[in-house]
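A quick write-up on the structure given underneath.
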Amino acid sequence: MAAIAGICSSAVVKPRLRFVSKPSRWDLAIPVSSCARRVLRLQSIAKAVPADLSPVVDSSPAVGESEAPSTGKKDSVKLWHRYVEWLYQHKGLGLCLDVSRIGFTDEFFETMEPKLKRAFVAMQELEKGEISNPDERRMVGHYWLRNPALAPNPSLSSQIEKTLDAICTFAEEIISAKIKPPSSPHGRFTQILSIGIGGSALGPLFVAEALAPDNPPLKIRFIDNTDPAGIDHQIAQLGSELTSTLVIVISKSGGTPETRNGLLEVQKAFRDAGLDFSKQGVAITQENSLLDNTARIEGWIARFPMFDWVGGRTSEMSAVGLLPAALQGIDIREMLSGASLMDEANRNTVVRNNPAALLALCWYWATDGVGSKDMVVLPYKDSLLLFSRYLQQLVMESLGKEFDIEGNRVNQGITVYGNKGSTDQHAYIQQLREGVHNFLLPLLKSCETDLQVMTGSSNQELLAVTTYLGTRSALYANSRESITVTVQEVNPRSVGALIALYERAVGIYACLVNINAYHQPGVEAGKKAAGEVLTLQKRVLAVLNEASCKEPVESLTLEEIAYRCHEPEQIEMIYKIISHMAANDRAIIAEGSCGSPRSIKVYLGECQVFNHFINATGLSQPLFYVLASKAMHERIGQTMVWVRCLYTDARTSEGGDIGTRVCAYEAHEWDTDVAMQVKCSCSYKR
Ligand SMILES: O=P(O)(O)OC[C@H]1O[C@H](O)[C@H](O)[C@@H](O)[C@@H]1O
């Protein structure tokens, strides 16, 4: 048997454990009516936590604990009864959920009843295709991915089924070498390089670590950051196997800069190695996104759709997670079936028979419905190492919201972190058991929720079990609560079920605290701020370029640059932009050093002299460079020129960067089949 647990400690106060000895009203089904959406709009929980839901400050011992909790002596028989009373078991999935070490009371359940009813209705409406993400005007359909018959119309069901079939066929053709790389001595694809970030990376990363066999048909590597050294490292590790690498570029929006950057770097590596990227590239993205258009125009070997109604953090059961998994030889139909069975269980309106509702209620109890405590995920299986990172995005991006559905400021969220059970015991469990409880702000209480997995029969596994049990007891003895989820085995079915369990718990919890779990305005704000920095960077470049094209070159101080950009108040940001450019040899420090900002004078190492526009329908890529460099040569007589071509697809107005190169070019089969305008900027070295 394997177990996964959650520990939620109370802070200084200890919630009272009430031993539930007879069936309570919570054994009864909660009737679900089809209320309109506005009925679901609950009050801001953060503003209105009922007093009796807060942990009780009481000097008398709670049920199930001794007079002196710090001694670790508990009334174990009462705890045993509580365990038996509340144990949830899904026989088909071999999964158990033990919430007995969470000290919720009958009164708490009663208070939560109306909220739960509304949550069940909301989840039903969501599954029927309601616009459950009102801010983005989107349906939320990840549950349909594992049960296409649930989709609100036959066309969506058929899209899901067709995509799944296409994934299975493609994976089979790659593994059997029916589709092979053009110039690999192996005669087949041996490696996958996955480029994506956030929801387009964390699911595939977790599943690869959890389920990939020791010798998979294709091994997988990830580029999920912008660090040039990290990207170079992945490419270097592939070495000569770049010839047999299938590059899967994953981005729902198709325009995430980090992913785009990774793609351009990898494409450059392919060019440098004399390889044709298009014969080894696969895109997973929304139809007509920049990535989709790039892949279509460049003729990559395959494109798989990302659906508008599936969010990145719940996309593991879409092509995003299924394609990489299938290529590693993981049984994706089993994953889907585990998730589907779990979804079915999570539709139960009897709370004690609905594991996701039980989890969500425990989170609410343990964090006072305001995220007052953190969730510490402790898997006792190495293969589940990345579950905490996966959950971090799922929980924190979904629940970390400033406003509730009515627009009240609530600053909701639950912090998630964690690593590995035993490993963490020897690292930070000391603090969880005895240490500080307020991590960030004085008004927050600390919380630990611990996710633990234990298995089996061997000596090693016995050790894992005893470690887990010891940790659970020791934490509980010091008033730290926990949830334990047990899975019989870590396999595609149970991993599918675990993902589905937490997806649904997040959905239900979001209903309980009345927030939209499916948007991410905070991330959008970050992207907007990054866009503003990019705009400033362009202005800095324009100012520097003008000065750097003068004869002789004019070097500028930071004040002069800020003044000429008409952004004197942005001088610190300008300094950071210039430091970065200098570190990457794009700007040259003529005087002073970056360490003493007031001293520096700077100019650009190259001068961009003009932009050349070409209407390029029917032209091949090298021709852009030829035309641009010819025009450049005629105009300024320079022979050594660098040409950068940007294209705009006239139909979609989407565009991209073809890349920068010296005017010499190599033959490249890249014909445009759509109307494009290509803007080539030319520069020469100073
Ligand atoms: O899949 P993409 O569109 O490239 O987005 C990747 C990630 O971008 C942002 O960070 C979003 O907040 C994430 O939810 C998303 O998963």
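The values are calculated or read from the model by the stated rules, or taken from the named source; none is laboratory data. Being a predicted model, the structure only gives us computed values, none of them experimental. Cβ coordinates were reconstructed from backbone atoms using ideal geometry, including for glycine residues, and neighbour counts include every protein chain displayed. Ligands, DNA and RNA are excluded from the accessible area calculation, which covers all protein heavy atoms including side chains. Shrake-Rupley method; radii C 1.70, N 1.55, O 1.52, S 1.80 Å.
Classify region 522-611: rounded, prolate or oblate, from the alpha-carbon gyration tensor (a ≥ b ≥ c, eigenvalue square roots; a/c under 1.5 rounded; otherwise prolate if a/b is larger than b/c)? It is prolate, given that a/c is not under 1.5 and a/b is the larger ratio.
For Glu344, what charge total do you get from the other residues with a beta carbon under 15 Å from its beta carbon, if Lys and Arg give +1 and Asp and Glu give -1? Could the numbers behind the result be given before it?
Details: positive: Lys91, Arg146, Arg347, Arg493, Arg504; negative: Glu127, Asp343, Glu503.
Taking every other residue near Glu344 into account, the sum is +2.
Accessible area per residue for region 522-611, computed on protein heavy atoms with a 1.4 Å probe, is 59 Å².
Could you compute the net charge surrounding Gly141? Neighbours are other residues with a C-beta less than 10 Å from the C-beta of Gly141; K and R count +1, D and E count -1. Could you put the intermediate results ahead of the total?
Numbers: positive: Arg138; negative: Glu127, Asp308.
Taking every other residue near Gly141 into account, the sum is -1.
Centre-to-centre separation between the Cα atoms of region 267-284 and those of region 371-411: 37 Å.
Anisotropy class assigned to region 317-387 is oblate, per the alpha carbon gyration tensor with a/c at or over the 1.5 cut-off and a/b no larger than b/c. For Val377, the amide hydrogen comes within under 5 Å of the amide hydrogens of Tyr417, Gly418, Asn419, Leu451, counting only partners 5 or more places away or on other chains and with H modelled in the peptide plane. Label separation (Gln431 vs Asp331): 4.2 nm, computed from points 7 Å beyond Cα along the C-beta direction. Over 27 Å between C-alpha atoms is what I'm after, so list which of Lys279/Lys528; Lys219/Lys252; Lys128/Lys401; Lys128/Lys420; Lys219/Lys268; Lys528/Lys601 land there. As for pairs spanning more than 27 Å Cα to Cα, those are Lys279/Lys528; Lys128/Lys420; Lys528/Lys601. Roughly how many Å is it from the Cα centre of region 488-530 to that of region 209-236, as a whole number? Centre-to-centre (Cα) distance: 24 Å. In this view, the solvent-accessible surface of Thr256, computed with a 1.4 Å probe and all protein chains in place, comes to about 20 Å². Annotation: amide H of Phe222 within the under-5 Å range of Ser194, sequence separation 5 or more or interchain, hydrogens built in the peptide plane. In sequence order, region 236-247 has phi-based couplings of 5, 5, 6, x, 6, 6, 4, 5, 10, 9, 8, 9 Hz under the Karplus curve 6.51 cos²θ - 1.76 cosθ + 1.60, θ = phi - 60°, and Gly or Pro positions carry x. Across region 332-347, computed HN-Hα scalar couplings (Karplus, 6.51 cos²θ - 1.76 cosθ + 1.60, θ = phi - 60°) run 6, 5, 5, 4, 5, 5, x, 5, 5, 4, 5, 4, 4, 4, 7, 8 Hz from first to last residue, x flagging Gly and Pro. Loop-located trypsin sites (Lys or Arg not before Pro) in region 468-570 (DSSP state not H, G, I, E or B) with no more than 14 neighbouring Cβ atoms inside 10 Å: Lys550. Between the amide H of Arg303 and those of Ala283, distances stay under 5 Å, these residues lying 5 or more places away or on another chain, with hydrogens modeled in the peptide plane. Residue by residue, region 402-419 carries 3J(HN,Hα) couplings of 6, 10, 8, 5, 7, x, 6, 6, 10, 6, 7, x, 10, 6, 10, 8, x, 8 Hz when phi is fed to the Karplus relation 6.51 cos²θ - 1.76 cosθ + 1.60 (θ = phi - 60°); x denotes Gly or Pro. Between Ser76 and Gln124, residue separation times 0.36 nm minus the direct Cα-Cα distance comes to 13.3 nm.
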